Amino acid sequence: MIGAVDIGGTKIAVGMVNDSGQVLSRKEMPTDGESYANGLAAIASMLRETARTTGVELTGIGIGSTGPVDPFSGRFGEVDFLPGWRGQNPGRDLARMFEVRVALENDADAAALAEAGWGAGKNKSRLVYVTVGTGIGGGLVFDGRLYRGVDGSHPELGHQVIDPSGPLCSCGYRGCWESLAAGPAMVAWLEANAPAEYPHRKDLTAKRICQLAQEDDPLAHQAVEREAHYMGLGLANLINLFAPDLIVLSGSVMKSAPLFLEGIRMVIRRGCRFVPFEKTEIALASLGEDTNLIGAARVWHDRFRPGDRNA
């Protein structure tokens, strides 16, 4: 029984996950980004409470976290959303508190492992996981193994440059995939192109744009078409690079995936003529709202029970 911890910029979720990937109990609370001590104490309390509710003893703890983390030392890097957590080591600290082994990964890598092991990618050899929300992230799982870059680094799929004359990205480049196709990019484009009398400016979000498109708002339709185009370009690059069996799409923007999928596939058909793109399946994430918790548990299995990678 794995204690799963999902650390995000706005909330921390904790749950008990069995070895079939089922979440048996869970709790969550807002993230205190300024105080690591408070956050660690809250995680420990929720782990104890969810274990007690389920009536189990912890076998280990798996953590999936936003931002740059060192999966081998368990230490946090320069996590923008959690200034008080920079340089801290929840992997080491929770191992000491609970006397179990702890595994930590970036949350997108954790979700990729979950979908590969217990979700849409089960029995697939080559999987690319892409999450589209406030930003764009993802993970690569090849032959049951999480792909790591040099020094164990996490590949930044969202920072491939699509249009060097495009909008400025938080990374410092212009026209990164994230700056063109993440949720805020949809909002920024519509706001920049809407006439002064456009009636839907207030509280505009990517979700609201998708709703307006379904209501036949012409400008929202254009925003959706643009989103499908840029999503398709980024995915076409990934297909040309890796020729995967499966791409799994997740994240808040992909909750409106039916609006985008045909446009995405049109771009892929135009741009992937030299690889068997038609054999790359495009699927939606299958594990639901608990994907990140399930992913955190899968991180532990991947690290400490490698024989279970394809279980």
key: Carbon and sulfur %, accessible surface of the chain computed with the full protein complex present, 1.4 Å   = 49
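Where nothing but the Cβ of Lys and Arg (+1) and of Asp and Glu (-1) is charged, how large is the charge dipole of region 174-302 around its Cα centre, in debye to the nearest 20?
Values: 13 positive and 16 negative charges, 73 e Å.
Roughly 340 debye for region 174-302.
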Vicinal HN-Hα couplings computed from phi for region 206-220 (Karplus, 6.51 cos²θ - 1.76 cosθ + 1.60; Hz; Gly/Pro x) = 4, 4, 5, 4, 5, 5, 5, 4, 5, 8, 6, 6, x, 5, 4
key: Greater than 22 Å apart at Cα, pairs in Lys124/Lys279; Lys11/Lys124; Lys27/Lys122; Lys11/Lys255   = Lys11/Lys124; Lys27/Lys122
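With the cut-off at 1.5 for a/c, could you classify the chain from its C-alpha gyration tensor as rounded, prolate or oblate?
Judged from the Cα gyration tensor, the chain comes out prolate (a/c at least 1.5, a/b above b/c).
Could you pull out the longest piece of the chain with no exposed loop GluC sites (Glu not before Pro) in it, calling a site exposed if DSSP puts it outside H, G, I, E, B and it has at most 14 other Cβ atoms within 10 Å? Working shown, then result.
Working: sites that count: Glu34, Glu57, Glu78, Glu99, Glu197, Glu215.
With GluC sites (Glu not before Pro) excluded where exposed in loops, the chain gives 100-196 as its longest stretch.
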message = Explain nothing, just the number: dipole magnitude of region 125-231 about its Cα centre with +1 on each Lys and Arg Cβ and -1 on each Asp and Glu Cβ, in debye rounded to the nearest 20.
response = 320
key: Antiparallel DSSP beta bridges within the chain, percent to nearest 5   = 55
message = To check my understanding: the extent here is largest minus smallest coordinate of the Cα atoms along each principal axis. What are those three numbers for region 14-140, in Å, largest first?
response = 39, 36, 25
message = If I model a spin label as a point 7 Å beyond the Cα along the Cα-Cβ vector, how far apart are those points for Met266 and His221 in nm?
response = 1.2
query = Looking at region 80-123 from every direction and averaging, what is the projected area of its Cα convex hull in nm²?
reply = 4.4
inquiry  = Quick check on the chain: helices-only [θ] at 222 nm, where DSSP H runs of length 4 and up contribute -39,500 (n - 2.57) each and the sum goes over total residues. Nearest 500, please.
reply    = -11500 deg cm²/dmol
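With the other protein chains left in place, how much accessible area per residue, in square angstrom, belongs to the chain at a 1.4 angstrom probe?
Details: 14260 Å² over 311 residues.
Result: 46 Å² of accessible area for each residue.
Once you keep just the Cα pairs under 8 angstrom separated by 6 or more residues, what percentage relative contact order results for the chain? Kindly include the intermediate steps, with their values, before the conclusion.
Numbers: 650 pairs, mean separation 62.3, N = 311.
So the answer I get is 20 percent.
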remark   = Rounded to the nearest 10 degrees, the helix 36-54 long axis (Cα) sits at an angle to the longest Cα principal axis of the chain of 70
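Out of the DSSP beta bridges found with both residues in region 1-158, what percent are antiparallel (nearest 5)?
Taking every DSSP beta bridge with both residues in region 1-158, the antiparallel ones total about 65 percent.
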request  = Place a +1 charge on the Cβ of each Lys and Arg in region 60-148 and a -1 charge on the Cβ of each Asp and Glu, then give the dipole magnitude about the Cα centre in debye, rounded to the nearest 20.
outcome  = 260
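The values are calculated or read from the model by the stated rules, or taken from the named source; none is laboratory data. Being a predicted model, the structure only gives us computed values, none of them experimental. Cβ atoms come from the backbone with ideal geometry, glycine included; neighbour counts cover every protein chain shown. Heads up: the accessible areas ignore ligands, DNA and RNA and are worked out on the full protein's heavy atoms, side chains in. Shrake-Rupley method; radii C 1.70, N 1.55, O 1.52, S 1.80 Å.
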